[in-house]
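Q: Sharing a structure here in structure tokens format.
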Amino acid sequence: MPSNHNLILLSLAFITPINCIQFPFLSNPQPSTSSSSSSATTSSVFQLQQAVHITTHQNRRLHLRRIFNDTERELIDIRSHLPPATTTGTDGNPHEHYYPSSHSLKVRKGKIWTHHATINQWKLAHQRQILIDQSHRNPAQHSQVLLNNITLMTSQLKWGEFDTVLPDVSDIDTLASLAKMTNNAYSLPGEDRWFDPGGTWNLSDSFGWEEDGLRGHVFATPDNSTIVIAIKGTSAGLLGNGGPTGVNDKVNDNLFFSCCCARVSWSWSPVCDCYEGPNKCRASCVEKALMNKSVYFQAAVDLYDDIVRMYPHSQIWLAGHSLGAALAGMLGVTFGVPAVGFEAPGDLLPAQRLHLPLPPGGMFGKGQELSHVFHVFHTADPIAMGTCNGALSSCSVAGYALETTCHLGKSIIFDTVGKLKWAQDIRTHPIQTVIDKVLRPDWNPGSSSSDCQESETQLQVKGFRWPWHGRKNKGADCPEEKDEPIVPIAQPQDCQEGDCPLWEFRDSWDDNGSG
């Protein structure tokens with residue numbers, strides 16, 4: 001039975017519960033008064049409410065909404081019980097697998113650093129942070145600009161540590177529910193009822209908008225106290241598992257996750273002009289290109305702002321898969337909201353290049369962002385592990401330069417290579433594979449001594465595949481067996497070399513090789 005703590009989830013394609021509202025833009029959260037947070041968990045049910053779509057199709061910024069009613073949620077629930085092969089479209093191709101429209105999550109009380117700035121206040125603070133960071137590299141060029149702009153000098157976010165309700169990321173069922181939200185297969189074929197709240201655009205004149213931009217599905221607790229936004233890049237192709245992939249997708253993905261404009265070799269067409277020579281890149285140039293050319297992060301900010309305005313008194317959580325996970329992580333650290341991402345490419349480097357404002361004392365890397373951002377991935381996924389690069393890799397063949405390894409916040413890493421003997425393969429990246437084969441509570445349920453002696457083959461046949469799992473009800477018949485957590489412990493990723501260790505980043509090079 002759901003508890004009194006009700007939440008809303010928003011996934012990148014997020015969640016909210018509480019007595020204390022903690023939303024960066026519109027609400028006023030209550031400061032933390034207790035010295036320690038409770039470890040007790042309760043359950044809350046989140047139901048699919050609506051979808052919000054931000055698109056830049058034909059250089060237009062469409063902000064579209066689609067409301068789900070009870071009948072549509074019932075249809076989604078019916079389809080979620082059908083085998084994937086039995087649900088096909090008019091073209092004969094199978095539909096995406098559906099998951100239920102409602103999900104139960106375990107939540108716990110905790111603390112989080114956040115602020116309640118408006119979107120315009122955040123943008124000013126962001127610009128201030130950019131100038132401060134750039135002045136460290138080039139004081140003569142940037143320091144005076146900042147000193148002469150009183151507005152930017154005083155544009156600081158009022159961060160504070162607040163009591164809140166957080167997703168229990170140590171619970172395997174909660175992770176699985178969040179992952180199912182990010183699957184995002186909730187649009188009913190032939191029955192979509194999208195509308196423009198502002199009445200600005202005629203959708204019939206905007207052919208192709210569904211394959212462009214970002215979409216957030218909103219899940220809420222019955223009282224809308226908490227929402228989850230599940231973010232998905234609807235045309236992210238290889239990364240987002242979305243619709244058709246175009247040139248625009250590769251430009252943005254390569255800006256985010258490559259070392260220098262996707263300048264992999266002489267045969268590649270770079271997505272920006274910052275390459276200075278072998279393993280040399282102009283730092284300010286590549287940062288400016290990411291901020292100016294990439295539509296994804298700004299679209300994610302717009303998506304977040306739209307939903308906050310719809311739910312001004314709700315607590316928000318973020319979730320996402322792949323590109324959506326990276327965007328959820330970046331939004332989480334700079335707006336101070338909980339975020340859980342699945343199989344994201346390394347998002348630390350793009351967050352640094354975007355100069356995202358962090359809480360006082362926060363710094364990028366080693367989990368020191370003072371955030372509640374968690375990245376969940378497994379070791380057989382080359383995209384999340386940062387190994388999907390090189391001339392013969394699947395990503396390079398498809399035209400993607402995915403060279404980042406390091407993640408924001410803390411990482412929960414399932415060792416599918418070491419424990420399950422999986423080989424690294426891009427086909428393990430899709431969210432359905434993660435849900436069906438990784439996020440499963442595979443313990444040995446018996447308590448007799450014979451159960452303790454079952455062979456690895458027998459365990460695999462039964463589906464008990466995680467060797468490190470403690471059993472739910474082990475009993476006293478296995479005295480030598482040690483319990484280990486079903487979910488690996490969340491901790492900062494071991495990323496000692498950092499991203500792009502062979503590259504040198506400066507603003508300029510002179511003839512003597514110094515800059």
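Q: In this structure, is Ala339 surrounded by 20 or more Cβ atoms within 10 Å (Cβ to Cβ), closer than 28 Å to Pro222 by Cα and under 17 Å from the mean Cα position of the chain (by Cα)?
A: Taking the combined requirement at face value, the residue satisfies it.
Residue-wise test of (1) surrounded by 15 or more Cβ atoms within 10 Å (Cβ to Cβ); (2) modelled with pLDDT of 85 or more; (3) within 23 Å of the chain's Cα centre (by Cα).
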position: Ser44; (1), (2), (3): yes, yes, yes
position: Leu48; (1), (2), (3): yes, yes, yes
position: Ala51; (1), (2), (3): yes, yes, yes
position: Gln58; (1), (2), (3): no, no, no
position: Thr86; (1), (2), (3): no, no, no
position: Thr90; (1), (2), (3): no, no, no
position: His97; (1), (2), (3): yes, no, yes
position: Val107; (1), (2), (3): yes, yes, yes
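Q: What tally of residues in the range 349-384 results from selecting those that are under 19 Å from Gly498 (Cβ atoms) and under 12 Å from the mean Cα position of the chain (by Cα)?
A: Selection size over the range 349-384: 4.
Q: Now for a separate question. If you scan the range 358-371, which residues turn out to be buried (at least 24 other Cβ atoms within 10 Å of the Cβ) and either out of contact with any Gly (no Cβ under 9 Å at 6 or more places or on another chain) or modelled with pLDDT of 95 or more (or both)?
A: none
Q: On to the next question. Picking from Ser269, Ser314, which residue would you name as being over 23 Å from Leu131 (Cβ atoms) and surrounded by fewer than 22 Cβ atoms within 10 Å (Cβ to Cβ)?
A: Going through Ser269, Ser314 in turn, just one is over 23 Å from Leu131 (Cβ atoms) and surrounded by fewer than 22 Cβ atoms within 10 Å (Cβ to Cβ): Ser269.
Q: Filter the range 268-319 down to residues that are over 24 Å from Leu408 (Cβ atoms) and not hydroxyl-bearing (Ser, Thr, Tyr), then give me how many there are.
A: The qualifying residues number 13.
Q: Under 8 Å by Cβ, and 6 or more places apart or on different chains, what pairs join a residue from the range 303-332 that is farther than 20 Å from Phe374 by Cβ with one that is assigned to a helix (DSSP H, G or I)?
A: So the pair list comes out as Asp305/Ile119.
Q: Here is a further query. Test of understanding: among Leu327, Leu290, Leu318, which residue is closer than 28 Å to Leu439 by Cα and in a helix (DSSP H, G or I)? Don't jump to the end; show me each part of the working.
A: Numbers: Leu290 fails: closer than 28 Å to Leu439 by Cα; Leu318 fails: in a helix (DSSP H, G or I).
Within the list Leu327, Leu290, Leu318, the selection yields Leu327.
Q: What are the residues in the range 360-394 that are over 18 Å from Ile413 (Cβ atoms) and touching an Asp or Glu at 6+ places or on another chain (Cβ under 8 Å), if any?
A: Residues satisfying the conditions are Gly362, Met363, Asn389.
Q: Identify, from the list Ser38, Ser102, the residue that is at pLDDT 90 or above and not aliphatic (A, V, I, L, M).
A: Being at pLDDT 90 or above and not aliphatic (A, V, I, L, M) holds for just one of Ser38, Ser102, which is Ser102.
Q: Condition test on Thr405, is it of a type in the set (Val, Ile, Thr) and within 23 Å of Gln496 (Cβ to Cβ)?
A: Numbers: of a type in the set (Val, Ile, Thr): yes; within 23 Å of Gln496 (Cβ to Cβ): yes.
Yes; evaluated as a whole, the condition is true for this residue.
Q: Which residue is nearest to Leu323 (Cα to Cα), if the candidates are limited to the range 414-458 and must be acidic (Asp, Glu) and modelled with pLDDT of 60 or more?
A: Top of the filtered list is Asp425.
The values are calculated or read from the model by the stated rules, or taken from the named source; none is laboratory data. Since the model is a prediction, treat every value here as computed from it, not as a measurement. Don't worry about glycine lacking a Cβ; one is built from the backbone with ideal geometry, like all the others, and counts go over all protein chains shown.
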